[in-house]
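Chemist: Dumping the structure here so I can ask a few things about it.
FYI, it's all coordinate maths here, none of it is from the lab. This is a predicted model, so every value here is computed, not measured. Neighbour counts are summed over all protein chains in view; Cβ atoms, including those assigned to glycine, are modelled from backbone coordinates with ideal geometry.
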Amino acid sequence: MAEIQSVLFLYMLIGWICRKTDLVKAAAQPSFTNFLLYVSIPCMVFQSFDMEFTMETLYRGASVLTIATISALVSLVFGRYAYNWCNPREKCIMKYGTLVSNSGFAGLPVIQDAYGQDGLFLGSLFIIPNRIMMWSAGISLFTDAPLKQRIKNVMLNPGIIAVELGVLRMLFQPAIPQQLNKALSALGAMSTPLGMVIIGMILSGVSPRTVLDKKAFILVAVRQFLFPLGTLAILRLLGTDLLTLQISVVLTGMPVGSSTAFLADKYGADAVFASKCVFISTLTSLITIPILTIFF
């Protein structure tokens with residue numbers, strides 16, 4: 001896991017250099033993000049369902065969804081009461097960062113590299129509750145969007161659509177042309193380097209001299225230690241199988257979602273503070289994620 005994280009760090013460094021040298025213009029960065037979210041990651045998720053449907057698959061999938069749902073609900077409740085000491089423009093960021101992780105953006109590439117196709121399948125299911133929370137309760141922390149709009153955001157999320165199509169693929173095993181299958185696999189394989197390069201681009205906009213923030217480190221402690229270690233302890237007591245435990249702990253311990261900075265900027269919260277949280281959380285995850293895997 002440490003080796004994988006080191007490679008991901010190199011990808012981030014390349015993204016950082018590309019932005020600092022203006023090789024990639026600031027105006028182009030959102031296009032890279034859109035390609036990742038709407039094309040590459042959905043392809044990777046869809047391809048993860050290219051397996052035979054069995055009762056073991058059904059059982060494991062149901063277990064992962066249950067664990068992920070409980071984890072998301074605990075995060076939501078914890079965030080609601082834990083940050084009343086923060087000012088309003090920072091409190092919504094602390095709550096959102098506690099609720100929404102980078103489990104899809106950075107987590108799935110890590111899972112794919114570390115645990116292979118079976119791990120990616122479980123990881124694709126694990127992020128569903130997180131994505132639902134992101135586009136419903138998460139958005140509501142920044143804005144009073146109507147319920148209809150929140151439901152629409154969830155249903156039209158490309159990651160959720162990819163999971164739905166992937167489940168149909170696994171159940172009915174349709175014949176997909178070889179050329180299309182290869183193209184989908186290649187586009188999905190881009191998620192790992194491209195996702196990390198984009199994070200590097202985001203981090204390039206944060207000044208190292210102003211990045212240290214006590215509240216951001218508190219958020220890191222909650223998101224990357226308290227929650228995953230709690231998940232690890234409970235799942236071990238329940239005798240959960242090793243792969244399910246590994247996927248659950250690693251994805252629960254993923255850094256703060258990069259969307260935290262986007263939404264803070266869009267809805268008038270403290271975007272500078274949000275960027276610091278993303279920066280510190282992403283950087284410390286290079287250490288915290290390998291540490292978590294020591295306990296398996």
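Chemist: Considering lysine pairs in the chain that are 8 or more places apart or on different chains, how many have Cα atoms under 18 Å apart?
Modeler: 12
Chemist: Please give the net charge around Arg169, taking every other residue with its beta carbon less than 12 angstrom from that of Arg169, where Lys and Arg add +1 and Asp and Glu add -1.
Modeler: Net charge in that neighbourhood comes out at -3.
Chemist: Also: Starting with the fewest neighbours, write out Tyr96, Tyr59, Tyr83 ranked by other beta-carbon atoms found within 10 Å of each beta-carbon.
Modeler: Tyr59, Tyr83, Tyr96
Chemist: Could you compute the FRET efficiency for Tyr81 and Asp213, with r as their C-beta to C-beta distance and R0 at 22 Å, rounded to 0.05?
Modeler: Step by step, r from the Cβ atoms, then E = 0.55.
Chemist: If you plug each phi of region 125-139 into the Karplus form 6.51 cos²θ - 1.76 cosθ + 1.60 with θ = phi - 60°, what whole-Hz ³J(HN,Hα) values come out, in order, with x for Gly and Pro?
Modeler: 6, 4, 7, 4, x, 5, 5, 4, 5, 4, 8, 10, 4, x, 4
Chemist: With a point put 7 Å past each Cα toward its Cβ, work out how far Lys152 is from Ser140 in nm, to one decimal.
Modeler: Taking the simple label geometry, Lys152 and Ser140 are separated by 1.8 nm.
Chemist: Grab the beta carbon distance between Met55 and Ile17, set R0 = 51 Å, and tell me the FRET efficiency rounded to 0.05.
Modeler: 0.55
Chemist: Another one. For the chain, calculate the relative contact order in percent as a whole number, restricting contacts to Cα pairs under 8 Å that are 6 or more residues apart.
Modeler: 33
Chemist: Hey, another quick one. Just want the ordering: Cys43, Cys86, Cys277, from fewest to most Cβ atoms lying within 10 Å of their own Cβ.
Modeler: Listing Cys43, Cys86, Cys277 from fewest to most nearby Cβ atoms yields Cys86, Cys43, Cys277.
Chemist: Quick one: Cα centre-to-centre distance for region 251-290 and region 36-68, in angstrom?
Modeler: Region 251-290 and region 36-68 have Cα centres separated by 25 Å.
Chemist: Around Ser101, which amide H atoms from residues at least 5 apart in sequence, or from another chain, sit under 5 Å from its own amide H, with H modelled in the peptide plane?
Modeler: Counting only residues 5 or more places away or on other chains, the set is Gly257.
Chemist: If you average the C-alpha positions of region 156-229 and of region 105-131 separately, how far apart do those two centres end up, in angstrom?
Modeler: Cα centroid of region 156-229 versus Cα centroid of region 105-131: 8 Å apart.
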